[in-house]
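The values are calculated or read from the model by the stated rules, or taken from the named source; none is laboratory data. Since the model is a prediction, treat every value here as computed from it, not as a measurement. Note: ideal-geometry Cβ built from the backbone for every residue, glycine included; neighbour counts use all protein chains shown.
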Ligand code: GDP
Ligand code: MG
């Protein structure tokens, strides 16, 4: 399904503006992707209405295609919900893990301990689960694999006492990770137990451990644990499977917290610090949105000095060499030519096919030459290319250290673009859209 969002986006290549229908189609695909990734319905609706409103009301900045612009909006709105990763200072602290049975607490405890050890800290895991048979052995084994200190007591029956003893026994450790028991459901005695452990160990932060496949059940769980002990962050496990972990967004939203760690496998090294970009891209089934977003941002900043210039102006008055220069400028800042062809408003996608074969054939080398040449032109020449006669061509070639032939090529190129654009002049937006859809 993610690929169908990509498909919808790709259909927009080359469009300078999106009409309502385009936006609705995109929003629908985003909704579908997010719901399929287990993001809660209300959250999906909020997100998509924000995206829709911005996409319809905000103008794409000069040099940016409508497609990239909406992708940037999507990314920004997603970041708003997903948030940055939970702050985990690399200093002595106690972290308690909470969550349902099987969510991955014990595994995550050992993984986190391993992670802290790679940061040069001395972690210890305290296992307080007296409920699950084999919990002690499992935790001990994983801590051996992680080569970190472990405390547990297979014979003790009171988890709170184990927690207290464990805190004492691990005094030398920098990081204490307290693993707790989970039950099948949210039973009152489980909540009570974890509250007591919390009082006994006074953790600096509590992380809620959630299986990526949790789905809509995340809300009730997050709420329960948050009101019992307070949730400072979420660890999502089993992201190596097919589940995308959208339920974590519900939890983060519900507890006003953020995501701290991602579990991506069964060994102690299969842990990553959460990073919004990858997670969002995965949720939407899209490529690297952050990179794109930053590229658009940069282009916006760098063309900022040209505030009064709008790409659409090319379709109103005459298309001057200055316009061409600005276009090439914007293209330069946005990346390799073949990737940005479709960013030139009105120049990508279907429209490209209608142009004479070499009308847009400005290769990177030629472009570099053209830039140098245009730098040697006067403002008047740039505004009115028809004023450039043979003697001017000679002067410009000499000034720019290029051949007269290349200067002529530039003028030829400009003429072709001008002619192409003039075909579209005087058309309403609707006509433009129709032409592009052909
Ligand atoms: P707990 O009951 O919350 O302590 O959960 P466990 O840590 O015992 O994990 C339950 C099961 O999920 C175990 O079989 C783990 O190996 C498995 N598991 C935990 N985290 C991950 C993960 O990130 N990826 C995969 N594939 N399996 C995981
Ligand atoms: Mg466990």
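More than 13 Å from ligand 1 (Cβ to nearest atom) and more than 30 Å from residue 40 (Cβ to Cβ): which single residue out of 75, 136, 151 fits that description? Full working, then the answer.
Working: 75 fails: more than 30 Å from residue 40 (Cβ to Cβ); 136 fails: more than 13 Å from ligand 1 (Cβ to nearest atom).
After applying the criteria, what remains is 151.
For residues in the stretch 107-134 being assigned to a loop (DSSP other than H, G, I, E, B) and within 14 Å of ligand 2 (Cβ to nearest atom), which is surrounded by the most Cβ atoms within 10 Å (Cβ to Cβ)?
Of the stretch 107-134, the ones assigned to a loop (DSSP other than H, G, I, E, B) are 119-122, 128-134.
Pick out the ones that are also within 14 Å of ligand 2 (Cβ to nearest atom) and you get 128-134.
Numbers: 128: 31, 129: 21, 130: 20, 131: 15, 132: 15, 133: 9, 134: 10.
Applying the filter and picking the extreme gives 128.
Residue-wise test of (1) out of contact with any strand residue (DSSP E or B) (no Cβ under 6 Å at 6 or more places or on another chain); (2) modelled with pLDDT under 85.
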{"residue": "6", "(1), (2)": "yes, yes"}
{"residue": "47", "(1), (2)": "yes, no"}
{"residue": "50", "(1), (2)": "yes, no"}
{"residue": "60", "(1), (2)": "yes, yes"}
{"residue": "63", "(1), (2)": "yes, yes"}
{"residue": "73", "(1), (2)": "yes, no"}
{"residue": "83", "(1), (2)": "no, no"}
{"residue": "92", "(1), (2)": "yes, no"}
Being farther than 20 Å from residue 209 by Cα and without any contact (Cβ under 8 Å) to a residue 12 or more places away in the chain narrows 157, 168 down to just 168
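Only one residue in 212, 248, 181, 222 is within 11 Å of ligand 1 (Cβ to nearest atom), under 31 Å from the mean Cα position of the chain (by Cα) and surrounded by 17 or more Cβ atoms within 10 Å (Cβ to Cβ), so which one is that? Let's see the steps before the verdict.
Details: 248 fails: within 11 Å of ligand 1 (Cβ to nearest atom); 181 fails: under 31 Å from the mean Cα position of the chain (by Cα); 222 fails: within 11 Å of ligand 1 (Cβ to nearest atom).
Step by step, each of 212, 248, 181, 222 is checked, and only 212 is within 11 Å of ligand 1 (Cβ to nearest atom), under 31 Å from the mean Cα position of the chain (by Cα) and surrounded by 17 or more Cβ atoms within 10 Å (Cβ to Cβ).
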